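As structure tokens, the structure follows; a few thoughts come after it.
The values are calculated or read from the model by the stated rules, or taken from the named source; none is laboratory data. All figures in this text were calculated on a predicted structure; none of them were measured in a lab. Glycine gets a Cβ as well: all are built from the backbone with ideal geometry, and neighbour counts include every protein chain shown. The area values use the complete protein model at the heavy-atom level, side chains included, leaving out ligands, DNA and RNA. Shrake-Rupley method; radii C 1.70, N 1.55, O 1.52, S 1.80 Å.
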Amino acid sequence: LPCPVPCSQGTFTLRVKGASMEPRFYNGDLIFVDPEVVAESGKHVVVKLEDTDEAAFKQLIIEGGRKYLKALNPDWPERITEMSETAIVCGVVVFKGEITNSDSALFIIEIAPCRVRSKEINFAMRES
């Protein structure tokens, strides 16, 4: 699957589930996640949650040495939660695309050259 931005060989794709990241990311959007990009404050990250096979997709906020996960949706309950020390950042979102219903093709939101392989991961996305 072609990734239209510079990315590492370990980059993988996930499908967004739920509404916690609206209005920037919608249910069904395709995101490219690069595990080699540094997870800095303000980046959109995929985080494996502790003691579970699930992951969360949120904005990372780092303040005073503490890490938080923030839902972009202003109506989301518990919009900001502290990230536990056992949670693992799996990667940073480097690109967003959408699958159009009309022709099932990847609709490009941003453009640049790269290749990425789809990766099966052993956890499921969840709304948190």
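Miscellaneous remarks
- Residues in the stretch 25-55 that are surrounded by 13 or more Cβ atoms within 10 Å (Cβ to Cβ), charged (D, E, K, R) and under 21 Å from Tyr68 (Cα atoms): Asp34, Lys43, Lys48, Glu54.
- Only one of the numbered conditions (1) hydrophobic (A, V, I, L, M, F, W, C); (2) open to solvent by 70 Å² or more (accessible area, probe 1.4 Å); (3) at pLDDT below 95 is violated by Ile80, and that is (3).
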